[in-house]
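Notes follow the structure.
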Amino acid sequence: MSNRTVNLNVPVLARVEGEGALDLSIANGEIAELRLRIFEPPRLFEKFLEGRSYLEVPDMVARICGICPVAYQISAVQALESVLGIEPTPWIRDMRRLFYCGEWIESHSLHIHLLAAPDFLGFANAIDMAGKYPDIVRRGLKIQEAGNAIISFLGGRSVHPVGVRVGGFWHAPSTAAAAKLLAELEALLPEAEALALWTVSLPLPDETQDFECVSLGHAGEYPITRGSIVSSRGLDIGIAEFDNEFQESHAPHSTALHCHHRGQDYLVGPLARMNLNLDQLPSATRKLLEACGMRFPSFNLFHSIVARALEIHAALVEAIRLLRSYAPTDAPYLEAAPRAGVGFGASEAPRGILWHRYELDGSGSIVSARIVPPTSQNQARIEADLRASLNRFGLDQPEHEIRQHAETVIRNYDPCISCATHFLKLNIKKKA
Amino acid sequence: MKAQRPRIAVHKFASCDGCQLAFLNAGEALLTLAQRVEILHFAEAGWLDPLAKVDIAFVEGSISAPHDIERIRAVRESAKFLVTIGACATAGGLQALRNGVKEAAGWVADIYASPQYIESLPESRPVSAHVKVDLEIWGCPVTIEQVLGATASLLNGVTPVNPGEPVCVECKRRGHACIMVTQNAPCMGPVTRTGCGALCPGVGRACYGCFGPAELPNAVSMAKHFEQAGLDKREVARRFLFITSAAQPFADVGRHYKENE
């Protein structure tokens, strides 16, 4: 068996967001070639942003990703506000956190139930899974809907919401709307607890790897909307210093750029966040974690699904806390005169750090834009994981099992290929 | 004897994946739909059979790379009824902002170190530029109600309701104060197709046209009004050249103002 040659080509990866493929060849019992190929056509967003008014940016960047538009809007407004000298009020900061909690709940629940869990339970899709586990799938869809309801509360709709503007929100929702949403979320909390316990019961492979975890970190809060960049190997830098530590390169097989930390792959996303910010979890979520009997930090990538479920719980607890003290305001946004400058923004998209940089001219037009999404940061890690995990799985296994294992490994990262493809400017124009 | 369920497929081209979420965010209705129809292809949700013969093929995304053209022809061949969902499939999407821009040829090289590996057509075009489309559902994003409503109609042999009236009509129904009149806001509502629920005026901001042109929109007068309201020519152009920049008459009016700034 050891000298067989296997050429495995998965032309379209199912249950991931966007279009990607996997090429794998095995010769003489070793992996000769392994490429996660991203062929989603480029959409060139960074170029479209040039020459637009800063006020148009939130609506434009939302269109990069239908699954995490909130992340794009929040990273962008943060960067633009830093240029304009706007310091958000506590109301604006709280509502951004609430808004973002909605996206975590929606995106994580969609991934757990519709994309990832069928792998661990042996189904091709969530509808087939619902045949045997109807209550599990229904609960998942209900949690996903609650996340969407939070986004709609502030944004009018959950995909490409319209409530965000540079400086805050266009309007403050009514107390009655807040009370209705709060009641829905409170009723859902036991379901979120049950979900976390259920993910622990899944037959997850036991496999530890060595890698660096990178996330935002902020004193006194689990990182969602802001923070500095920290890592499990002691990194702690401001978001403006991103380029000093992280480098992007263009792999020929991909329309996404790969991002490395000093030449090494690294992990962003729920598992990295959980590993680095355990002490910032709400106390109710910490208790749930103990009840789960899981130990974090964990370097088993398959524990990502548990981290996602725990983050759903944490986001729900946070959303409930913020809604309990909700009061409308007369000043849902701040304004400032445009001015020239460069600004940075970073937030924790459901899949990990989403980093933006904008340069504005004196009239408020975008001179240049650069966006680094989480999936291009994870891409090198996914390839490294596949090599290690497939070797361990056994390259002499039947082809369809190798394929299934490889797909499971990839899906576990919740790669968003639509996001990864569309930008990332490689030649940064440096002015002398 | 059990009748064969209608068969559907959901295909994706260049897009943000947001319109497919009309299915995946539908909650309980997704489970009901899956009982009433047989899903044969829907890659994001786990079904892979792109060439299967189906009754309805839903298409998200614009045609923007050479291999897209072959794929969309195959989708057309496979389907009795082809429905485009969203601004990308119906009008070329936001990425159509590259169409007709001279410098666009160099953009790929600006972004990618090895542009020879990037396959991209010079223009992002709607599905209807390449094959016959039976129903176009507008919106960025389309709503669950639009997509499931159209599906239910088609399955019952009824022509789907696809209103082309402007956002203003919906604003009046909901009792929103007109922000164009009260705030002099450059609202695209009078020329934009309804379907969103008049969300932007509802939160006190001008409509930015994400559902594309309404039926018989007077875009020329709209643009003149924006000028009178204080927008410069470049700003007027940008109102029309945004989410559905390739859709007429937005494309012509926008280009006119862009070239005469």
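The values are calculated or read from the model by the stated rules, or taken from the named source; none is laboratory data. Values in this document were obtained by computation on a predicted structure and should not be read as measured data. Every residue, glycine among them, receives a Cβ derived from its backbone with ideal geometry; neighbour counts consider all protein chains shown.
Couple of notes before you dig in:
- Spans of helices (runs of 4 or more DSSP H) in the stretch B:145-261 with at least 2 residues more than 13 Å from every other protein chain (Cβ to nearest Cβ), within 22 Å of the chain's Cα centre (by Cα) and in contact (Cβ under 8 Å) with a residue 40 or more places away in the chain: B:250-259
- Boolean, A:Tyr413 is among the aromatic types (Phe, Trp, Tyr) and at pLDDT 95 or above: no
- Restricting A:Ala79, A:Ala126, A:Ala116 to residues that are of a type in the set (A, V, I, L, M, F, W, C), in contact with a His (Cβ under 9 Å, 6 or more places away or on another chain) and under 25 Å from A:Pro223 (Cβ atoms) narrows the list to A:Ala79.
- Only listed residue being more than 10 Å from chain B (Cβ to nearest Cβ), over 20 Å from A:Tyr413 (Cβ atoms) and of a type in the set (Gly, Ala, Ser), chosen from A:Ala130, A:Ala117, A:Ala172, A:Ala178: A:Ala178
- Residue check, B:Phe58 more than 10 Å from chain A (Cβ to nearest Cβ), at pLDDT 95 or above and either surrounded by fewer than 24 Cβ atoms within 10 Å (Cβ to Cβ) or more than 23 Å from B:Cys140 (Cα to Cα) (or both): no
- Output for the stretch A:263-289, where each listed residue is crowded, with 18+ Cβ neighbours inside 10 Å and small (Gly, Ala, Ser): A:Gly269, A:Ala272
- Selection of the stretch B:1-53 for residues being of a type in the set (A, V, I, L, M), assigned to a loop (DSSP other than H, G, I, E, B) and facing chain A (nearest Cβ under 7 Å) yields only B:Leu48.
- Cβ-Cβ under 6 Å pairs, at least 6 apart or on other chains, the stretch B:30-47 side of a type in the set (A, V, I, L, M), far side surrounded by fewer than 21 Cβ atoms within 10 Å (Cβ to Cβ): B:Val37/B:Arg5; B:Val37/B:Pro6; B:Leu40/B:Arg7; B:Leu40/B:Asp49; B:Leu40/B:Ala52; B:Ala43/A:Val12; B:Ala43/A:Ala14; B:Ala45/A:Asn125
- Meets criteria (closer than 20 Å to A:Pro69 by Cβ, in contact (Cβ under 8 Å) with a residue 40 or more places away in the chain and in the same structural domain as A:Ala187 (by TED's automatic domain parsing)) for A:Leu115: yes
- Pairs with Cβ under 6 Å, 6+ apart, first in the stretch A:157-168 and within 10 Å of chain B (Cβ to nearest Cβ) and farther than 12 Å from A:Glu81 by Cβ, second small (Gly, Ala, Ser) and part of a loop (DSSP other than H, G, I, E, B): A:Val159/A:Gly66; A:Val159/B:Gly18; A:Val162/A:Gly156; A:Gly163/A:Gly156
- Of the residues making up the stretch A:351-369, those that are touching a residue at least 24 places away in the same chain (Cβ under 8 Å) and more than 29 Å from A:Gln379 (Cα to Cα) are A:Leu360, A:Gly362, A:Ser363, A:Gly364, A:Ser365.
- If you go through the stretch A:50-60 and pick out every residue that is touching a Ser or Thr at 6+ places or on another chain (Cβ under 8 Å) and assigned to a helix (DSSP H, G or I), you end up with 1.
- Qualifying residue in the stretch B:120-133 (condition: surrounded by 17 or more Cβ atoms within 10 Å (Cβ to Cβ), basic (Lys, Arg) and at pLDDT below 95): no
- Pairs where the first residue, in the stretch B:90-104, is over 19 Å from B:Ala214 (Cα atoms) and more than 8 Å from chain A (Cβ to nearest Cβ) and the second is part of a helix (DSSP H, G or I) and of a type outside the set (Ser, Thr, Tyr), C-beta under 8 Å, 6+ apart: B:Gly100/B:Arg255
- Scanning the stretch A:206-221 turns up no residue that is surrounded by fewer than 16 Cβ atoms within 10 Å (Cβ to Cβ), over 26 Å from A:Gln379 (Cβ atoms), over 22 Å from the mean Cα position of the chain (by Cα) and of a type outside the set (Ser, Thr, Tyr).
- With respect to the conditions (1) at pLDDT 95 or above; (2) crowded, with 18+ Cβ neighbours inside 10 Å, B:Leu154 falls short on a single one, namely (1).
- Just one residue in the set A:Ser363, A:Ser325 is farther than 14 Å from A:Leu55 by Cβ and of a type in the set (Ser, Thr, Tyr); that residue is A:Ser325.
- Restricting attention to the stretch A:221-236, the residues being touching a Phe, Trp or Tyr at 6+ places or on another chain (Cβ under 8 Å) and basic (Lys, Arg) number 0.
Residue-by-condition table, conditions (1) of a type in the set (Phe, Trp, Tyr); (2) within 23 Å of A:Glu17 (Cβ to Cβ); (3) not assigned by TED's automatic domain parsing to the domain that holds A:Gln78:
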{"position": "A:Gly269", "(1), (2), (3)": "no, yes, no"}
{"position": "A:Leu281", "(1), (2), (3)": "no, no, no"}
{"position": "A:Cys292", "(1), (2), (3)": "no, no, no"}
{"position": "A:Phe299", "(1), (2), (3)": "yes, no, no"}
{"position": "A:Ala309", "(1), (2), (3)": "no, yes, no"}
{"position": "A:Ala319", "(1), (2), (3)": "no, no, no"}
{"position": "A:Ser325", "(1), (2), (3)": "no, no, no"}
{"position": "A:Pro332", "(1), (2), (3)": "no, no, no"}
{"position": "A:Gly343", "(1), (2), (3)": "no, no, no"}
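- The single condition among (1) closer than 26 Å to A:Ile410 by Cα; (2) under 21 Å from the mean Cα position of the chain (by Cα); (3) more than 9 Å from chain A (Cβ to nearest Cβ) that B:Asp68 does not satisfy is (3).
- Whenever a residue of the stretch A:97-108 is assigned to a helix (DSSP H, G or I), its partners that are among the hydroxyl-bearing types (Ser, Thr, Tyr), lying with C-beta atoms within less than 6 angstrom and at least six residues away or across chains, give the pairs A:Arg97/A:Thr225; A:Tyr100/A:Thr225.
- Taking every residue in the stretch A:11-32 that is within 9 Å of chain B (Cβ to nearest Cβ) and part of a strand (DSSP E or B) and pairing it with any residue that is surrounded by 15 or more Cβ atoms within 10 Å (Cβ to Cβ) and of a type in the set (D, E, K, R), at least 6 positions away or on another chain, the pairs with Cβ-Cβ distances below 6 Å are A:Glu17/B:Asp17.
- Considering the conditions (1) surrounded by fewer than 22 Cβ atoms within 10 Å (Cβ to Cβ); (2) of a type outside the set (Asp, Glu); (3) over 29 Å from A:Gly227 (Cα atoms); (4) within 11 Å of chain B (Cβ to nearest Cβ), A:Ala194 is excluded by exactly one of them, (4).
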